[in-house]
Amino acid sequence: MWYPFTQMQEFTDHSPLTITAAQGCWLEDVQGKRYLDGVSSLWANVHGHRHPVIDKALQEQINRVAHSTMLGLSHPGGIELARQLVQLAPAGLSRVFYSDSGATSVEIALKMAYQYWQLQGETRRHKFLKLSEAYHGDTIGAVSLGGMDLFHERFGRLLFETIKVPTPHTYRHPFESDDEKDVIKRYFAVCEELIRAHADEACGFIVEPLIQGAAGMIVHPSGYLKHLRDLTRKHNMLFIVDEVAVGFGRTGRMFASEWEDVSPDLLCLGKGITGGYLPLAATLASEEIFAAFLGDYKELKTFFHGHTYTGNPLACAAALASLEVFAEEKTLDETVFGPKAEKYSAGMRHLAKLDHVGSVRYRGLMGGVELVRDKESKAPYPFEERLGYQVILEARKNGVMLRPLGDVIVLMPPLAVSLEELDILFAATEAAIIKVTES
Ligand SMILES: *Cc1c(COP(=O)(O)O)cnc(C)c1O
């Protein structure tokens, strides 16, 4: 096999850790060793592994039909899931287009946005605004909307043109100012300038709301999302929110947009949508966008896009069951989520005191710990030392499975994590950071 995001030269030297089973928030390898799933199996798992309600829904669905196409046909699970997503999503989003991964949900949003303006006769609009450290997936359209040089720069000539708005990162910023309020003010102003300058050629602005995951868990200043919504509305461009990572409860609300009372024109969902069971994604659109595509067949307003497994019935059954568990277990209820978020926050604030932790950044149960060589100057470790990677290998010895983003240690357990499991997660992470940074 050729593994994703993996330098195969070193990977083939030793056999990779192989997971054969899981239960709740624990993974089990081929030797029977158990690991706490500290990153929710790549930010996807929500209610734990082998949840009885989701397992049962899948068994029942497989006794009916595993797959039938949505190109020209329909099925009850897809219809019901769309109905529930529209009910849960921010107001104004009324149409659901399925696909299979976060990246495809973004491809679909960008093609919808582009074609929408074409259909409106505004054919000069062909550009997208994005944040400088954005990550929206690894297909070429999504890479065009990305801004992480490590992943994206090499493909530069294959990408379409975009306008980069600086990510509002208060820990590392380009301004000559130590006053956080002042830094935030400047970020707000810069984005306003760029939105105004490109208003007449832009299809839309895409953003990961509240927290930019892959960039290293960069938390936006409060009010930034609302600021973008207001500006995109004022300057008449579409606002596309990518909740692939933050959606389905990670930040404590079903969707992160709710924190700032924001309704986007297009919303991208993936990762946790099936509770982390199966590949499914959805792009939600406003009725206004949907209506622009209506017309006689010969007018060629159709949205010519689809995938073989679009809206797969098994995946939809898992997604419906996951929503049922949210309701039944009151996953996002204050009394359930609150104590976990508090413990998580306390754990993060404790880690912040370590000598080589430069910054901790989080919302709800999603966040990261940035390791630095020197706390005062914020100087990073040399890239090739792979400190973050060494830390997660150490944590793995202590029975906690993590995956870093460079030197940012991501801590993102399933929402079903118990208070005791949070203790295990933070204790193992702390021990690993101390061991690696002090050696
Ligand atoms: C993971 C992620 C994606 C891509 O999702 P895939 O399912 O891996 O294609 C897109 N956007 C954000 C914000 C993500 O975190």
Cβ pairs under 6 Å, 6+ apart, first in segment 133-147 and on the phi > 0 side of the Ramachandran plot and assigned to a loop (DSSP other than H, G, I, E, B), second open to solvent by 10 Å² or more (accessible area, probe 1.4 Å) and near the ligand (Cβ under 9 Å from one of its atoms): GLY137/GLY102; GLY137/ALA103
Single match in VAL39, VAL46, VAL30 (criterion: touching a strand residue (DSSP E or B) at 6+ places or on another chain (Cβ under 9 Å), closer than 14 Å to ALA416 by Cα and β-branched (Val, Ile, Thr)): VAL39
Residues satisfying the stated conditions in segment 95-109, i.e. in a strand (DSSP E or B) and touching a Leu at 6+ places or on another chain (Cβ under 6 Å): VAL96
Search result, residues across segment 241-278 that are under 18 Å from GLY141 (Cβ atoms) and in contact with a His (Cβ under 7 Å, 6 or more places away or on another chain): ASP242
Residue match in segment 106-122 (condition: within 16 Å of the ligand (Cβ to nearest atom), out of contact with any Phe, Trp or Tyr (no Cβ under 6 Å at 6 or more places or on another chain) and without any contact (Cβ under 8 Å) to a residue 24 or more places away in the chain): no
Check on GLU243, of a type in the set (D, E, K, R), open to solvent by 10 Å² or more (accessible area, probe 1.4 Å) and under 27 Å from GLU370 (Cα atoms): no
Filtered residues of segment 195-214 (kept if of a type in the set (D, E, K, R) and either open to solvent by 20 Å² or more (accessible area, probe 1.4 Å) or without any contact (Cβ under 8 Å) to a residue 12 or more places away in the chain (or both)): ARG196, ASP200, GLU201
Filter result for the condition that a residue is in a strand (DSSP E or B) and either within 16 Å of the ligand (Cβ to nearest atom) or under 28 Å from GLU287 (Cβ atoms) (or both), over PHE155, PHE205: PHE205
Residues of segment 215-235 that turn out to be open to solvent by less than 10 Å² (accessible area, probe 1.4 Å) and either under 24 Å from SER359 (Cβ atoms) or at pLDDT below 95 (or both), as a count: 6
Those residues of segment 246-272 which are open to solvent by 10 Å² or more (accessible area, probe 1.4 Å) and within 12 Å of the ligand (Cβ to nearest atom), in sequence order: LYS271
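Confirm whether LEU238 is within 27 Å of VAL165 (Cβ to Cβ), touching a helix residue (DSSP H, G or I) at 6+ places or on another chain (Cβ under 8 Å), crowded, with 24+ Cβ neighbours inside 10 Å and not polar (S, T, N, Q).
Criteria met by LEU238.
Do you know which residues across segment 1-38 are open to solvent by less than 80 Å² (accessible area, probe 1.4 Å) and part of a loop (DSSP other than H, G, I, E, B)?
Correct list: TYR3, THR6, PRO16, LEU17, THR18, CYS25, GLY32, GLY38.
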Some residue of segment 54-64 being assigned by TED's automatic domain parsing to the domain that holds PHE97, in a loop (DSSP other than H, G, I, E, B) and modelled with pLDDT of 95 or more: yes
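The values are calculated or read from the model by the stated rules, or taken from the named source; none is laboratory data. Here the structure is a predicted model, which means the values were calculated and not measured. Glycine gets a Cβ as well: all are built from the backbone with ideal geometry, and neighbour counts include every protein chain shown. What goes into the accessible areas is simple: the full protein's heavy atoms, side chains included, and nothing from ligands, DNA or RNA. Shrake-Rupley method; radii C 1.70, N 1.55, O 1.52, S 1.80 Å.
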